[in-house]
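A short write-up of the structure that comes next.
The values are calculated or read from the model by the stated rules, or taken from the named source; none is laboratory data. Bear in mind the structure is a predicted one, so any value in this text is a computation, not a measurement. Cβ: placed from backbone, ideal geometry, glycine included. Neighbour counts: every protein chain shown.
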Amino acid sequence: MTNVTTMRNAQVAKQKSEVSVKSSRNDSINFDQIYEMESFNKFVRKKNAFLFGTTGVFLFLYILLPILAFTPVLQQKWIGNITGVWVYSAGLFVMTVVLCMVYTKMAPKFDQMASEVLSEYEQGGAK
Amino acid sequence: MDLVTVIFFLGIVGLTLVVTYIAAKRTSSASDFYTAGGGLKGWQNGLAIAGDYLSAAAFLGVSGAIALTGFDGFFFSVGYVVANLVLLYIIAEPMRNLGRYTLADMLTARFSEKRVRGIAATSTITIVILYMIAQLVGAGALIKLLFGIDYWLAVLIVGVMMTTYVLFGGMTATSWVQIIKACLLLFGTTLLAFLVLWKFDFSLMKMFDTISTQHGDQYLVPGMKYTSMIDSVSMMMALVLGTSGLPHILMRFFTVKDAKTARTSISWTTWVTAIFFSLTIFLGFGAMHFVGIDTIKAENAAGNTAAPLLAEFLGGNILLSFIAAVAFATILAVVSGLVLTGASAISHDIYGEILNDGKLSEKQQVLAARIGSISIAVVSIILALFAQSLNVSFLVSFAFCIGASANLPVILYTIYWKRFNSNGVIAAMATGLISCLVLGAMGPNVWNPVEGAAIFVGEPLVPLSVPAIITIPLGFIAGYLGTVLTAKKSSDAEEIYKEIRVKANTGVAVSEVSHH
């Protein structure tokens, strides 16, 4: 049993070193230097502006539902017998799925920016 | 219980046990136990998270609430769905980049202090116990209703099953039980919704016309259950923000290999939950119209059996048995996830890291995890047996409230605020936790002038069923004040924040964080 576990651990460790090139350079990462880099801060500012901006908008639209749901606006019948609250809720469902797709579209761009920052750091470090 | 029911029931039990058996062979290290070795694929984890969302409260509770109160029940559906976006946009990826097994791991990546770990573990255990009692009591009542066995036996069966999955199969088994259940549930609800729509000639307009003319327009607007705007705003805040603070959801982000996969997971969850919760309209209105409000209420006052009753109407005994089995699987899957999360806080955070300074061997860690799982299961089962006669389903909303008021402020500050310090962590978590419990205990779920409507008889001091609208700001303010009032310039702390910010945003050196 002990043997199996040891073997397994060794195997896992081997896989890890193969899969992750990043982990091999852990010791040498100078977080301070990356933190101070202009490109890093520009990237983080841009990303956070997008993330928090969007979050602010969807939370606002969301919390309007329980507020407007108690006003005549959403209590009226909009389409046939379907009242505004149902239509607005359906809108929030659509918003969720659309914003989810927007995020998955935007995220690779941020990944790209992050890896550019890291490669700039590496080149800087090599000098 | 007839033969068909027994076959479906045994089918679920058999399938999940096979999964547990296979998973047990792959579970040898602490990382296997808590996070399935971090080896789940995006779609697998996405379905498993969806499984966590789609608890019995969501499936049976929401469709029942729509059947009895119309739109008021649908508030929950909207809350659960939009909550995905908060996770996706600001929590999932940094969480994956900074954490290892638990929420406390993620916080101590920045504040390496035992008291930080201690309070995070306390919050986790509180949420798990509250959630679990609600699920187990609901499960006991439901199984009693569906299969006609005694309450104590029902709780015991669920208890033994959940302990078996977690004990032997750890996170791998728990995840696969969640995945199987999510697929079954999605299939079951789609089938029911399709049959309901068929009865309305596939016309939404006709369904709404029928509800309006035969049942009344009051079902098409809020006001049957939630009469106050503030109360429903408060409840909606707890739902959308609390999800991102629930430890059993957060833990799922450590089961994938990197931030990209965490992102894919939540995309899957978003689609699955959006589809599922859209269908709750048809389940709710279908049950209201075809089964009838009086019949539903006669069976269960809270409407929890509306979906099974609808299944019986639409597809006779076979469909009823199938939906009952799915409901059973739902309960099993969710409580297993809770047991595992509770065990991670007790065994990894408190026993392993606080009492033993993280110096346990791999073997000791796994043993501790198993003992922790049994302890949390036994405690919950005993509490559930005592709580049999109480209406405790509101405890789930307390769990969301604590998630939003104690955990979320601390998670956000830790990732995004440079000056945040460990005093702020303690202040925010203690304030969030205590204010939710105290204000909740003074609320209408606990106190009601009508005897039998709540636990105690009397006027509620706080008129909010979920006090989130007060407690969430309190949590954020406490974290801010705790930080600025005790702030001292420390270059070490700043260095760590630099590391956190770089790691959270780039994912660099993440394997170091997750496997040290």
Picking from B:P473, B:P460, B:P449, the residue that is surrounded by fewer than 19 Cβ atoms within 10 Å (Cβ to Cβ), away from chain A (no Cβ under 12 Å) and touching a Gly at 6+ places or on another chain (Cβ under 6 Å) would be B:P460
From the residues in the range B:60-73 that are within 12 Å of chain A (Cβ to nearest Cβ) and crowded, with 24+ Cβ neighbours inside 10 Å, which one is farthest from B:W271 (Cα to Cα)?
B:G70
When the range B:273-301 is examined, which residues are found to be assigned to a loop (DSSP other than H, G, I, E, B) and farther than 21 Å from B:G148 by Cα?
B:G292
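For every residue, the table says whether it meets (1) facing another protein chain (nearest Cβ under 9 Å); (2) modelled with pLDDT of 90 or more.
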| residue | (1), (2) |
| --- | --- |
| B:M162 | no, yes |
| B:A182 | no, yes |
| B:L197 | no, yes |
| B:V221 | yes, no |
| B:S232 | yes, yes |
| B:H248 | no, yes |
The range B:136-160 residues that are without any contact (Cβ under 8 Å) to a residue 12 or more places away in the chain, paired with ones that are of a type in the set (D, E, K, R) and outside any loop (DSSP other than H, G, I, E, B) (beta carbon under 9 Å, 6 or more apart):
B:D150/B:K144; B:L153/B:K144
Please go through the range A:40-52 and give me each residue that is within 17 Å of B:I415 (Cβ to Cβ), without any contact (Cβ under 8 Å) to a residue 24 or more places away in the chain and more than 10 Å from chain B (Cβ to nearest Cβ), ordered by number.
A:R45, A:A49
When you check B:G79 against the structure, is it farther than 17 Å from B:L185 by Cβ and modelled with pLDDT under 90, yes or no?
no
Between residues in the range B:421-448 that are free of Cβ contacts under 8 Å to residues at least 40 places away in the same chain and residues that are crowded, with 18+ Cβ neighbours inside 10 Å and part of a helix (DSSP H, G or I), which pairs lie under 6 Å by C-beta distance while being six or more apart or on different chains?
B:C436/B:C401; B:C436/B:I402; B:C436/B:S405; B:C436/B:T471
Restricted to the range A:73-117, and to residues that are part of a helix (DSSP H, G or I) and touching a Gly at 6+ places or on another chain (Cβ under 9 Å), which residue is surrounded by the fewest Cβ atoms within 10 Å (Cβ to Cβ)?
A:V73
Show me the helices (runs of 4 or more DSSP H) entirely contained within the range B:1-107 in which 3 or more residues are within 23 Å of B:I331 (Cβ to Cβ) and of a type in the set (G, A, S).
B:3-25, B:42-53, B:63-69, B:71-86
Selection count where residues are outside any helix (DSSP H, G or I) and surrounded by fewer than 21 Cβ atoms within 10 Å (Cβ to Cβ), scope the range B:179-226:
8
Can you tell me which residues in the range B:445-483 are within 19 Å of B:Y226 (Cα to Cα), assigned to a loop (DSSP other than H, G, I, E, B) and in contact with a Leu (Cβ under 8 Å, 6 or more places away or on another chain)?
B:V462, B:L464, B:P467
Could you grab me the full set of residues in the range B:258-295 that are over 28 Å from B:Q178 (Cα atoms) and out of contact with any Asp or Glu (no Cβ under 9 Å at 6 or more places or on another chain)?
B:M288, B:H289, B:F290, B:G292, B:I293, B:D294, B:T295
Considering only the range B:213-230, I want to know if a residue exists there that is charged (D, E, K, R) and in contact with an Asp or Glu (Cβ under 6 Å, 6 or more places away or on another chain).
yes
On the given criteria, is B:L220 over 30 Å from B:D294 (Cβ atoms), touching a residue at least 40 places away in the same chain (Cβ under 8 Å) and not basic (K, R)?
no
